[in-house]
Amino acid sequence: MTDSAILKDDLQWISAADLPWDKLRGSTVLVTGATGLIGMTTVHALIAADKEHDLGLHVLALVRSREKAERVLGNEKENPALSFIEGTMEALPALPDKIDYWIHTACPTASAFMTAHPVEVIRTSVEGTCGLLEEARKRSTSGFVFLSSMEAFGEVNTEDLLDEKTLGNVDLSNVRSCYPESKRMCEMLCTSYAREYGVPAMNIRLAQTFGPGVAYSDRRVFAMMTRNAMNGEDIVLATKGTSRHPYLYTAQAVTAILTVLLRGVPGETYNAANPDTYCSIFEMGEMVAEQLAGGRIKVRVDENGDASRYPAPSFLNMDIAKIQKLGWAPAGDLVWMYKRLEAYLKEEMAFSNL
């Protein structure tokens, strides 16, 4: 993965971000879910920033599989600044006494898994986050960020801007709701640990994120659309995709996370999204068909598509004013994001064919 020119460019951009990097000097940073898209990009970014700013960082990557971690983290697996800790959120392994910063990205993200294993989703999220906060409470912690999701907003039937306190309905009779409801509970845990125990825990509510690091075989809609554009195949959606929400590029998600980690207020929640990407899935498909595939493909809806695996239709027009006050802002648009993802996937395909 680190051989990607697109990824290297992103990591240089992150390292050049206007952040208080000196706060990290000599620190140990734990990243959970370090083989996931955001987790591994965060690990790469921290190592790149360590080299760029001579921070003397020690990055701990909490992973379920060391073999997978070594594969996705590529050349960095031999970096002395990086250590792997094998374990799960359900049964946390022994952690070092010194952990200054905590970036908690671990969580199931596949809709099919959520509907098939709702109990596991809830337990992994809630019990894992509570356990991690207990560990942070025992240490001299400088910052703790929990990665929440735009799905925590629930079902919203207005396209008005949504600040962090404006929430919609979550249908507790639908097992797919295990994901947004557990995200809400984890946010509440972070806020509660900050208020009651003084743990400097904060939440960042991310829009759906994609970019370099997405596997060619990824089954999520943005990967599917990119593959279809590359292969000249029509985009077939399971539903009309009437929900509208924004997206976020991976490198910008990482700078948002670091902004909250280093500048955020304990107990607070921050939205992070790119308002310029706000659209429906169907509208996005039409954009990909036109802008990436040059009009050679079309968008179709499968009349027999299964919509039960997806969140209820909703409008999530996220207000990012709060995180902007911390000095963070997104850049680019959806076409730019897709073109960078397409370039990355072409690099990966070329590399795998060597």
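The values are calculated or read from the model by the stated rules, or taken from the named source; none is laboratory data. All figures in this text were calculated on a predicted structure; none of them were measured in a lab. Quick reminder, even Gly has a Cβ in these numbers, built from the backbone with ideal geometry, and neighbours come from all protein chains shown.
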Practice task
Hey, can you tell me all the residues within region 65-94 that are out of contact with any strand residue (DSSP E or B) (no Cβ under 7 Å at 6 or more places or on another chain) and not in a loop (DSSP other than H, G, I, E, B)?
Solution key: 67, 68, 70, 71, 72, 74, 75, 77, 78
Problem - Checking residue 62 against (1) at pLDDT 95 or above; (2) over 21 Å from residue 215 (Cβ atoms), the condition it does not meet - result: (2)
Practice task
Please verify whether region 13-30 includes one or more residues that are in contact with a strand residue (DSSP E or B) (Cβ under 7 Å, 6 or more places away or on another chain), assigned to a helix (DSSP H, G or I), of a type in the set (Gly, Ala, Ser) and touching a residue at least 24 places away in the same chain (Cβ under 8 Å).
Solution key: no
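Would you mind stating whether residue 130 is part of a helix (DSSP H, G or I) and crowded, with 24+ Cβ neighbours inside 10 Å? It would help to see each step written out before you state the result.
Working: part of a helix (DSSP H, G or I): yes; crowded, with 24+ Cβ neighbours inside 10 Å: no.
So residue 130 does not fit the description; no.
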Handout entry: Subset of region 236-254 (residues that are surrounded by 24 or more Cβ atoms within 10 Å (Cβ to Cβ) and of a type in the set (Val, Ile, Thr))
Key = 250, 254
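If you go through region 95-122, how many residues are within 26 Å of residue 174 (Cβ to Cβ) and not in a helix (DSSP H, G or I)? Spell out the reasoning first.
Kept after step one, since they are within 26 Å of residue 174 (Cβ to Cβ), are these residues of region 95-122: 104-122.
Subsequent filtering for residues that are not in a helix (DSSP H, G or I) retains 104-110, 117.
The number of residues fulfilling the criteria is 8.
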Exercise for the section: Select from region 299-331 the residues that are at pLDDT 95 or above, basic (Lys, Arg) and surrounded by fewer than 16 Cβ atoms within 10 Å (Cβ to Cβ) and list them in ascending order. Expected result: 325
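Determine if region 202-221 includes at least one residue that is closer than 13 Å to residue 144 by Cβ and either part of a helix (DSSP H, G or I) or of a type outside the set (S, T, N, Q) (or both). Steps first, please.
Step one: list which residues in region 202-221 are closer than 13 Å to residue 144 by Cβ, which gives 202-204.
Add one more test, that the residue is either part of a helix (DSSP H, G or I) or of a type outside the set (S, T, N, Q) (or both), and what stays is 202, 204.
Within region 202-221, one or more residues are closer than 13 Å to residue 144 by Cβ and either part of a helix (DSSP H, G or I) or of a type outside the set (S, T, N, Q) (or both).
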Problem - Residues that are in contact (Cβ under 8 Å) with a residue 60 or more places away in the chain and part of a helix (DSSP H, G or I), drawn from region 285-306 - result: 285, 288, 289, 292
Practice task
Taking residue 102 as the residue in question, decide whether it is touching an Asp or Glu at 6+ places or on another chain (Cβ under 9 Å), buried (at least 20 other Cβ atoms within 10 Å of the Cβ) and closer than 21 Å to residue 263 by Cβ.
Solution key: yes
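Which members of region 2-20 meet the condition of being farther than 18 Å from residue 326 by Cα and of a type outside the set (Asp, Glu)? Before you say what the answer is, go through the steps one by one.
Looking only at region 2-20, we keep the residues that are farther than 18 Å from residue 326 by Cα, and these are 2-13.
The answer is 2, 4, 5, 6, 7, 8, 11, 12, 13.
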Completion exercise
Every listed condition ((1) in contact with a Lys or Arg (Cβ under 6 Å, 6 or more places away or on another chain); (2) under 24 Å from residue 9 (Cβ atoms); (3) part of a loop (DSSP other than H, G, I, E, B); (4) among the aliphatic types (A, V, I, L, M)) holds for residue 262 save (3)
Exercise for the section: Determine whether region 266-284 contains at least one residue that is surrounded by fewer than 17 Cβ atoms within 10 Å (Cβ to Cβ), out of contact with any Pro (no Cβ under 6 Å at 6 or more places or on another chain) and in a helix (DSSP H, G or I). Expected result: yes
Practice task
Give region 35-58 a look and list any residue that's at pLDDT 95 or above and not in a helix (DSSP H, G or I), or say none.
Solution key: 54, 55, 56, 57, 58
Handout entry: Neighbours by Cβ (under 7 Å, 6+ apart or cross-chain): first from region 245-270, closer than 14 Å to residue 18 by Cα; second of a type in the set (Gly, Ala, Ser) and surrounded by fewer than 23 Cβ atoms within 10 Å (Cβ to Cβ)
Key = 252/331; 255/17; 259/327; 263/327
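Please determine whether any residue of region 199-215 is more than 18 Å from residue 107 (Cα to Cα) and surrounded by fewer than 20 Cβ atoms within 10 Å (Cβ to Cβ). Full working, then the answer.
Initial filter on region 199-215 (more than 18 Å from residue 107 (Cα to Cα)): 199-200, 211-212.
This time we only want the ones that are surrounded by fewer than 20 Cβ atoms within 10 Å (Cβ to Cβ), so: none.
Scanning region 199-215, I find no residue that is more than 18 Å from residue 107 (Cα to Cα) and surrounded by fewer than 20 Cβ atoms within 10 Å (Cβ to Cβ), so the answer is no.
Evaluate region 162-172: report whether one residue or more is small (Gly, Ala, Ser), touching a Phe, Trp or Tyr at 6+ places or on another chain (Cβ under 8 Å) and farther than 30 Å from residue 341 by Cα. So that I can check it myself, show each step before the final result.
Just the residues of region 162-172 that are small (Gly, Ala, Ser), to begin with: 168.
Okay, now just the ones that are also touching a Phe, Trp or Tyr at 6+ places or on another chain (Cβ under 8 Å), so 168.
Next, from what is left, pick out any that are farther than 30 Å from residue 341 by Cα: 168.
Within region 162-172 (the criterion being small (Gly, Ala, Ser), touching a Phe, Trp or Tyr at 6+ places or on another chain (Cβ under 8 Å) and farther than 30 Å from residue 341 by Cα), the answer is yes, since at least one residue qualifies.
Filter region 145-198 down to the residues that are part of a helix (DSSP H, G or I) and among the aromatic types (Phe, Trp, Tyr), then identify the one that is surrounded by the fewest Cβ atoms within 10 Å (Cβ to Cβ).
Just the residues of region 145-198 that are part of a helix (DSSP H, G or I), to begin with: 150-153, 175-197.
Then drop every residue that is not among the aromatic types (Phe, Trp, Tyr), which leaves 153, 179, 193, 197.
Numbers: 153: 27, 179: 25, 193: 25, 197: 12.
Restricting to residues being part of a helix (DSSP H, G or I) and among the aromatic types (Phe, Trp, Tyr), the top hit is 197.
To keep it simple, each residue is scored yes or no on (1) out of contact with any His (no Cβ under 9 Å at 6 or more places or on another chain); (2) small (Gly, Ala, Ser).
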{"residue": "143", "(1), (2)": "yes, yes"}
{"residue": "146", "(1), (2)": "no, no"}
{"residue": "151", "(1), (2)": "yes, no"}
{"residue": "159", "(1), (2)": "yes, no"}
{"residue": "171", "(1), (2)": "yes, no"}
